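Notes to accompany the following structure.
Laboratory data are not the source of any read-out in this text; all were calculated from the coordinates shown. Because the structure is predicted, anything quoted here is derived from the model rather than measured. Note that we place each Cβ from the backbone using ideal geometry, even for glycine, and neighbour counts take in every protein chain shown.
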Amino acid sequence: MTSFHFDIGSRARNAGRFISRVQSELLRALAERKKESRFSQQSLANKLEVHRSLINRQLSGEANLTLRSLADLAWAMDLEIALELKKPDVGPGKNQSSATSTVESAPIKVLNGVRSPTAPVPANSDRSESAEHRAKSA
């Protein structure tokens, strides 16, 4: 199995974590609304006059959430959005963006015996033997 390890950078990591928190909060709010009353993605879509598949894609992360669509979803659930900008928590168990990177700016390495595109594979390599062994055992 090929394995890749790369650093996405602290900017992209922070953005990804923020987006994940927003999606989690939306799903939590929707679940709470479902418990309180018969509230569903379909009723949310009806209130916003959009197709239910759009709501599903937004909540699952398949469609981009704009600030407007986030505000619309909150309005449809009769909720208010609260945004807080603060310094990151620092302490044990908290990942630090600049300190958690395990990769500097080194090139991508090939792992698990997978060859690079320019390196020839000998006919009697371990990889071809393991492929033959798998074929015989199947």
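Looking at the structure I just gave you, is Asp89 under 23 Å from the mean Cα position of the chain (by Cα), in contact (Cβ under 8 Å) with a residue 40 or more places away in the chain and loosely packed, with under 15 Cβ neighbours inside 10 Å?
Values: under 23 Å from the mean Cα position of the chain (by Cα): yes; in contact (Cβ under 8 Å) with a residue 40 or more places away in the chain: no; loosely packed, with under 15 Cβ neighbours inside 10 Å: yes.
Criteria not met by Asp89.
Where in the range 1-64 are there helices (runs of 4 or more DSSP H), lying wholly inside it, with at least 1 residues that are in contact (Cβ under 8 Å) with a residue 40 or more places away in the chain and closer than 15 Å to Ala76 by Cβ?
10-36
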